[in-house]
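A short worksheet on the structure shown next.
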Amino acid sequence: MRNKTDFSSRIGVRAVTAGVMTSTAFMFLALSLIAALGLWNFNLNELPTIGAPFWIAVSIAWVFSLYFAGLVASLCFRPQNNLEGMLNAIAACCASYLFCIFGFLFFAPGALETLLISSSPQFFLRAFLGNLLAFALGIYGGVVGVHFEQRSIESFKEKRKYVHT
């Protein structure tokens, strides 16, 4: 009988890595689109002075990025229930946050310090609510991945049943 508190078998490192890679790739593509629209020119030192359209576009990209990270992490793990899918989605979202923060600290430490010092409390409240929404949609992506996986398994079993009869 399987231990219900054994989390080592419920989170897949490969699935979480796939989720982080998906999140990173989607954010890079979204930032390229934002640059193509003329909202940014990939200069990280300009972040404290960039206007609201840039931050809105980045927030929308981050929300979709974490949704796809949760979805991919859940699909790659092939979960049996919602808990396993949500755990992999949570792990992928947390790893995406850490990867983004460490990347930001590595590539633009001065911009991060200036952004944190010069920002207003409303900026931090908006950032918190946006990140909360992104995290929630990342978990939802994990649940969607579970349901998609279960439907595909049932479909496979149905096809297999007809082949053997």
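Residue count for segment 110-121 satisfying the condition of being within 23 Å of the chain's Cα centre (by Cα) and surrounded by fewer than 11 Cβ atoms within 10 Å (Cβ to Cβ): 0.
Do we have any residue at all in segment 122-139 that's surrounded by fewer than 10 Cβ atoms within 10 Å (Cβ to Cβ), closer than 20 Å to Ala57 by Cα and either among the polar types (S, T, N, Q) or at pLDDT 85 or above (or both)? Outline the logic, then answer.
In the first step, residues of segment 122-139 are kept if they are surrounded by fewer than 10 Cβ atoms within 10 Å (Cβ to Cβ); the result is 122.
Now drop any that are not closer than 20 Å to Ala57 by Cα, which leaves 122.
Right, trim to either among the polar types (S, T, N, Q) or at pLDDT 85 or above (or both) and you get 122.
Yes.
The set of residues in segment 29-50 that are surrounded by fewer than 12 Cβ atoms within 10 Å (Cβ to Cβ) and either under 30 Å from Arg78 (Cα atoms) or among the basic types (Lys, Arg) (or both) is empty.
Exactly one residue out of Arg2, Arg14, Arg10 is modelled with pLDDT under 90, under 17 Å from Phe68 (Cβ atoms) and either among the basic types (Lys, Arg) or under 22 Å from the mean Cα position of the chain (by Cα) (or both), and it is Arg14. Could you check, for segment 69-83, whether at least one of its residues is free of Cβ contacts under 8 Å to residues at least 60 places away in the same chain and surrounded by fewer than 20 Cβ atoms within 10 Å (Cβ to Cβ)? Yes: one or more hits.
The values are calculated or read from the model by the stated rules, or taken from the named source; none is laboratory data. These numbers come from a predicted model, not from an experiment. Ideal geometry is used to build each Cβ from the backbone, glycine not excepted, and the neighbour counts take in all protein chains shown.
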